[in-house]
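Notes follow the structure.
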Amino acid sequence: MLHATLIFITMTIIYPPLRAQMPNQPPPDLRHELLDEFTSFAPARQMHAMRHWPAGRLSIVHLNVLIVLNAEGPLTMRGLAEALDVSQASATGIVDRMEQRGLVTRERDAEDRRVIRVLPSDTGRSLIDGVAEQRRDHLARMIDGLKDDEVSGFLLGMRAMRRVREALHAQPTNPETQETSR
């Protein structure tokens, strides 16, 4: 849930000019209420849950590293640093701590033994799988509390959000200004 919420918040911050151009927008007061609902999660509660994982304390940075590695596959330290937008020295320190906790491993590249790649350990993969499973279970319990017409309306809204999100992400960007072209 935290990851989806962060993506939504990021999407609303990064793409406001495009949002303003979208046709068929709800009235501003409804948009404001909807944004309030989407952003009403309790970050303190999320962080508390992350600090009490079965595998021990988990920082948002460690979770982010595991998500990146899960999505991208094994990465070199440079590749991981770029994905995290940190220095290579910072990425090395993060990986050192994660390796001590058994969340990641390092292995030499089969073609070039000088290259070392970082990948999630079995524990790290289990943790990511557990997060996904917990998220799905939590969402299922929330959906179970909705009436049938609320589920239908919510599904319609979520499908619309996906369509708009995919359209926004398909827009080419201008690398010089880092703004989405119009």
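The values are calculated or read from the model by the stated rules, or taken from the named source; none is laboratory data. Worth saying up front: this structure is predicted, and the values here are computed from it rather than measured. Glycine also receives a Cβ, built like all others from the backbone with ideal geometry; neighbour counts cover every protein chain displayed.
Between HIS138, HIS169, the distinction of being without any contact (Cβ under 8 Å) to a residue 40 or more places away in the chain, within 23 Å of GLU37 (Cβ to Cβ) and either of a type outside the set (A, V, I, L, M, F, W, C) or not in a helix (DSSP H, G or I) (or both) belongs to HIS169 only.
Among the candidates LEU146, LEU127, LEU119, which residue alone is among the hydrophobic types (A, V, I, L, M, F, W, C) and in a helix (DSSP H, G or I)? Even if it seems obvious, please write down each step before you answer.
Numbers: LEU146 fails: in a helix (DSSP H, G or I); LEU119 fails: in a helix (DSSP H, G or I).
Of LEU146, LEU127, LEU119, the one residue that is among the hydrophobic types (A, V, I, L, M, F, W, C) and in a helix (DSSP H, G or I) is LEU127.
Of the listed requirements (1) surrounded by 12 or more Cβ atoms within 10 Å (Cβ to Cβ); (2) modelled with pLDDT under 90; (3) not in a loop (DSSP other than H, G, I, E, B), LEU58 misses just one: (3). Answer yes or no as to whether ARG106 is modelled with pLDDT of 75 or more and not in a helix (DSSP H, G or I). Yes. Taking the stretch 68-104 as the range and being under 17 Å from LEU58 (Cβ atoms), touching a residue at least 40 places away in the same chain (Cβ under 8 Å) and among the polar types (S, T, N, Q) as the test, only ASN70 passes.
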